[in-house]
Amino acid sequence: MKEQSGSLYHIQPRLDDILNDVAPFPYTLGAFIAFLSERRCLETVEFLLETERYRRIYHWLEHKTETYEAIRKAHLSGLWNRLINQYIRPGSKREINISCEIRQQLMQQFYNRGDDPPPPQVLDQVVKSIKELLRGAILIPFLRRSSATARVQSLSMPSLNNSLCEAATSASHFEDDIKVNRRPREDYPSHLGPSRDDRKGRGWRERFKAGLVKRLPWPSH
């Protein structure tokens, strides 16, 4: 793929980079979630994110002492039940699109283990299936639209390299504008006598001194 100078929009990240929110702009996780929401398939990325959360918490609590066992079991059981009841169970509100074979295996795992949360490896097959679905039907349209949108936005603003060059070359112009718009204090007219328009003829220091002299009491002899 031919590189485009001064732009990162040609870099197309991997799906895992987007899901881990480490992809460069404009291919952010937030943009990907919004794209899926428009196509009414937001539950797929939500399932992947909650699965990753389950995996991390499971491994974090795995090496804790026995005092954490009750907490580990209660917390992980809640996450496991949510994954099954929200995304895997047939007819659930946020049921994801997976094969009947994978669904049956997970439901069987759910019924057999009861409240004992299984290791995250039992979710590897369904995670792989969902990612393949996203790569085949969602990822490419998302990358194309994000790249096109970013290019349109860039027309109204300079790229980083251009802005740095312009800032270096136009600094003197900004200074000239400031100098032109400033009028030295000594150039202001000072020939007008005291009147109501005195503020136009004198500087603020002179006006302050004049007013102060008028208000000071004269020393008594």
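For region 100-142, a tally of residues being of a type in the set (S, T, N, Q) and in contact (Cβ under 8 Å) with a residue 40 or more places away in the chain returns 0.
Let's see how each residue does on (1) modelled with pLDDT of 90 or more; (2) hydroxyl-bearing (Ser, Thr, Tyr):
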{"position": "TYR9", "(1), (2)": "no, yes"}
{"position": "ASP17", "(1), (2)": "yes, no"}
{"position": "ALA34", "(1), (2)": "yes, no"}
{"position": "THR51", "(1), (2)": "yes, yes"}
{"position": "ILE84", "(1), (2)": "yes, no"}
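Based on this model, can you work out whether PRO158 counts as of a type outside the set (Asp, Glu) and modelled with pLDDT of 90 or more? Considered against the rule, which asks whether it is of a type outside the set (Asp, Glu) and modelled with pLDDT of 90 or more, PRO158 comes out as no.
Has region 112-133 got at least one residue that is surrounded by 12 or more Cβ atoms within 10 Å (Cβ to Cβ), at pLDDT 85 or above and farther than 30 Å from ARG72 by Cβ? Yes; the residues of region 112-133 include at least one that is surrounded by 12 or more Cβ atoms within 10 Å (Cβ to Cβ), at pLDDT 85 or above and farther than 30 Å from ARG72 by Cβ. Considering the conditions (1) outside any helix (DSSP H, G or I); (2) modelled with pLDDT under 90; (3) out of contact with any Ser or Thr (no Cβ under 8 Å at 6 or more places or on another chain), ALA74 is excluded by exactly one of them, (1).
Any chance you could count how many residues in region 24-67 are touching a residue at least 12 places away in the same chain (Cβ under 8 Å), assigned to a helix (DSSP H, G or I) and surrounded by fewer than 11 Cβ atoms within 10 Å (Cβ to Cβ)? Let's see the steps before the verdict.
In the first step, residues of region 24-67 are kept if they are touching a residue at least 12 places away in the same chain (Cβ under 8 Å); the result is 24-27, 31-33, 35-36, 39, 41, 43-55, 57-59, 61.
Next cut, assigned to a helix (DSSP H, G or I) only: 31-33, 35-36, 43-55, 57-59, 61.
Add one more test, that the residue is surrounded by fewer than 11 Cβ atoms within 10 Å (Cβ to Cβ), and what stays is none.
Number satisfying all stated conditions: 0.
Can you find a residue that is among the aliphatic types (A, V, I, L, M), over 17 Å from VAL45 (Cα atoms) and assigned to a helix (DSSP H, G or I) anywhere in region 85-94? I'd like the intermediate steps shown before the answer.
Within region 85-94, the subset among the aliphatic types (A, V, I, L, M) is 88.
So of that shortlist, the ones also over 17 Å from VAL45 (Cα atoms) come out as none.
The answer is no; no qualifying residue exists.
The values are calculated or read from the model by the stated rules, or taken from the named source; none is laboratory data. Remember, predicted model here, so these are calculated numbers, not experimental data. We place every Cβ from the backbone using ideal geometry, glycine too, and count neighbours over all the protein chains shown.
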